[in-house]
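Take a look at the structure below.
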Amino acid sequence: MWLRGRSPPPATTASNMCALCGVLGSEDHWTDGPVPFFTRDQMSRRARRLARVRAANLVLTQFGLTLADWEGANYQLSSRTGRTEIVDNLAQVWQAAERILGRACDPLDLSVTARMKQIRRTD
């Protein structure tokens, strides 16, 4: 109820949502699509998610971060110090990584890709 002569508070673009509603209400992202990831073999949705987590971790470990599947609906990004964020999809991982680290996190940085090539050679 608004008092006469007073305007309502300004609308904000951000919305508040409890964690449970965020999990239950999330929509699928294109990265969770039905196309097999890394292989032509038919994989379950869960297996595809875990393959994406493994691939992302190859890069994220270069920044001291770890990504984990969280209940098959979201992803949990954690630092070595225990800072953690829950993200809806892989597109949000890099923004969350920058918030956790407090600095830019560019997976295409030349030093990161050079380390990735070294890791690949040793496998």
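The values are calculated or read from the model by the stated rules, or taken from the named source; none is laboratory data. What you see is a predicted model; the values in this text were computed from it and never measured. Don't worry about glycine lacking a Cβ; one is built from the backbone with ideal geometry, like all the others, and counts go over all protein chains shown.
Details
- For segment 97-123, the set of residues classified as in contact with a strand residue (DSSP E or B) (Cβ under 6 Å, 6 or more places away or on another chain) and within 17 Å of Arg52 (Cα to Cα) consists of Ala97 only.
- Remark: Leu65 falls outside the filter, which requires a residue to be surrounded by 14 or more Cβ atoms within 10 Å (Cβ to Cβ) and at pLDDT below 90.
- Residue within segment 101-112 that is assigned to a helix (DSSP H, G or I), in contact with a helix residue (DSSP H, G or I) (Cβ under 9 Å, 6 or more places away or on another chain) and under 16 Å from Ala56 (Cβ atoms) present: yes
- Contact annotation: residue pairs with Cβ atoms under 8 Å, 6 or more positions apart or on different chains, pairing a residue in segment 97-113 that is without any contact (Cβ under 8 Å) to a residue 60 or more places away in the chain with a partner that is of a type in the set (Gly, Ala, Ser) and in a helix (DSSP H, G or I), are Cys105/Ala97.
- Test: Gln76 is part of a strand (DSSP E or B), out of contact with any helix residue (DSSP H, G or I) (no Cβ under 8 Å at 6 or more places or on another chain) and under 26 Å from Arg120 (Cα atoms): yes
- Search result, residues across segment 79-100 that are surrounded by 14 or more Cβ atoms within 10 Å (Cβ to Cβ) and in a loop (DSSP other than H, G, I, E, B): Arg83, Asp88, Asn89
- Taking residues in segment 56-80 that are over 13 Å from Leu101 (Cβ atoms) and touching a residue at least 40 places away in the same chain (Cβ under 8 Å), and partners anywhere that are among the charged types (D, E, K, R) and buried (at least 16 other Cβ atoms within 10 Å of the Cβ), the pairs with Cβ atoms closer than 8 Å and at least 6 places apart or on different chains are Asn74/Asp88.
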